[in-house]
1. Exactly one of these conditions fails for Leu92: (1) under 28 Å from Val323 (Cβ atoms); (2) crowded, with 22+ Cβ neighbours inside 10 Å; (3) more than 16 Å from ligand 2 (Cβ to nearest atom). Give me its number.
2. If I filter segment 107-128 for residues that are aliphatic (A, V, I, L, M), assigned to a loop (DSSP other than H, G, I, E, B) and open to solvent by 10 Å² or more (accessible area, probe 1.4 Å), do I get at least one hit?
3. Answer yes or no: is there a residue in segment 64-77 that is farther than 30 Å from Met21 by Cα, surrounded by fewer than 17 Cβ atoms within 10 Å (Cβ to Cβ) and touching a residue at least 24 places away in the same chain (Cβ under 8 Å).
4. Taking Gly139 as the residue in question, decide whether it is within 16 Å of ligand 2 (Cβ to nearest atom), closer than 25 Å to His248 by Cβ and out of contact with any Ser or Thr (no Cβ under 8 Å at 6 or more places or on another chain).
5. Among the residues of segment 244-263, are any small (Gly, Ala, Ser) and free of Cβ contacts under 8 Å to residues at least 40 places away in the same chain?
6. Collect the residues in segment 193-203 that are in contact with a Lys or Arg (Cβ under 6 Å, 6 or more places away or on another chain) and either at positive phi or open to solvent by less than 10 Å² (accessible area, probe 1.4 Å) (or both), keeping them in residue-number order.
7. It is to be established whether one or more residues within segment 248-266 are within 16 Å of ligand 2 (Cβ to nearest atom), farther than 26 Å from Gly293 by Cβ, open to solvent by less than 30 Å² (accessible area, probe 1.4 Å) and assigned to a helix (DSSP H, G or I).
Amino acid sequence: MTTLTIRRPDDWHVHLRDGAMLAAVAPFTARQFARAIVMPNLKTPVTTTALAVAYRERIAAAAPGFTPLMTAYLTDTTDAADLISGATDGVLTAAKLYPANATTNSAAGVTDIARIMPVLEAMAGAGLPLLVHGEVTAGDIDIFDREAVFIDRILSPLVTRLPELRIVLEHITTREAADFVTDAGPNVAATITPHHLHHSRNALFAGGIRPHLYCLPILKRETHRLALRAAATSGSAKFFLGTDSAPHAVDTKEAACGCAGVFNAPFAIESYAAVFDEEAAMDRLEGFASLHGPAFYRLPVNEARVTLERGVTVVPERFGDLVPFHAGETLGWRIAA
Ligand code: DOR
Ligand code: ZN
């Protein structure tokens, strides 16, 4: 196979930031993706429908023609009525659960899921999906176990309690997560990033510490990477594309206490294509990238097509003050002109 034509893909999990960073990164996402689920963890989080409307306008200005799908950031004091009216009015596509202090700009996140149970019940009733950063934050839990423990302690009981709530377990990183999603009912799905498909935790320390591969949830053992590859290429509609592209300026990555996030937006589809090609599963890329996400979110698939072709994509070392995923490497697929 030397070319592959698929429906135009969407990115079901991306950080577009704000201000100058938004202007710098949004065109990369818009080059490849028709739509994207935009994360709400700005410095001032997008906690209300009104904030989501204003943020959507700033994104539209940065990337004309691209469709941002907005999310609201859940807090202990989220107003369920505002969320539901935001969904009904077509502003909000989902709401995001960040456990407080789990990751970047999550200090205002939820301190205890019990506090938002009425909000989650309202979301279930309204058909508004819940997006989950699935990591516990307890200091006594090893960082490599935080996702698996979250599934046991928080997610599994939630699914039992509210089986009608549609849930996306975001950026899964473990065999436990892939198995949980596979075994759950049809209302539970997951996104998978390119970096978790390409790398195990060894890559974080290959020849020295590699801050540009530090993200949360952190890269795991090889056995988990293989489970993610199997899930992504299985053809199961429960797994779909979500880059979790999370740009941070180089001086905040290469620092004594560096920020978490991999900036993979520039060549995300080429990066996924490399994985699917290695797994001899190019025939399943369209489902993962362009069909399963719309089906879960109950949105139409994109009518436009894009052709990928075998060929050299050279990934630059830098875009301004951002270091992209695969910096300095070449990828074996590219988007045909
Ligand atoms: O690595 C990450 N970066 N994980 C997250 O959950 C948030 C993201 C960010 O916003 O930088
Ligand atoms: Zn994210």
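1. The one condition Leu92 does not meet is (1).
2. yes
3. Checked against the condition, which is being farther than 30 Å from Met21 by Cα, surrounded by fewer than 17 Cβ atoms within 10 Å (Cβ to Cβ) and touching a residue at least 24 places away in the same chain (Cβ under 8 Å), segment 64-77 yields no hits at all.
4. no
5. Within segment 244-263 (the criterion being small (Gly, Ala, Ser) and free of Cβ contacts under 8 Å to residues at least 40 places away in the same chain), the answer is yes, since at least one residue qualifies.
6. Hit for segment 193-203 is Leu197, nothing else.
7. Checked against the condition, which is being within 16 Å of ligand 2 (Cβ to nearest atom), farther than 26 Å from Gly293 by Cβ, open to solvent by less than 30 Å² (accessible area, probe 1.4 Å) and assigned to a helix (DSSP H, G or I), segment 248-266 yields at least one hit.
Residue-wise test of (1) of a type in the set (Gly, Ala, Ser); (2) more than 16 Å from ligand 1 (Cβ to nearest atom); (3) under 20 Å from His326 (Cα atoms).
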position	(1), (2), (3)
Pro157	no, yes, no
Thr173	no, no, yes
Ala190	yes, no, no
Leu216	no, no, yes
Ala227	yes, yes, no
Ala230	yes, yes, no
Ser236	yes, yes, no
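The values are calculated or read from the model by the stated rules, or taken from the named source; none is laboratory data. Given the structure is predicted, the values throughout are model-derived calculations rather than measurements. All Cβ positions, even for glycine, are placed from backbone atoms using ideal geometry, and neighbour counts span all protein chains on display. These area figures cover heavy atoms from the full protein model, side chains too; ligands, DNA and RNA do not enter into them. Shrake-Rupley method; radii C 1.70, N 1.55, O 1.52, S 1.80 Å.
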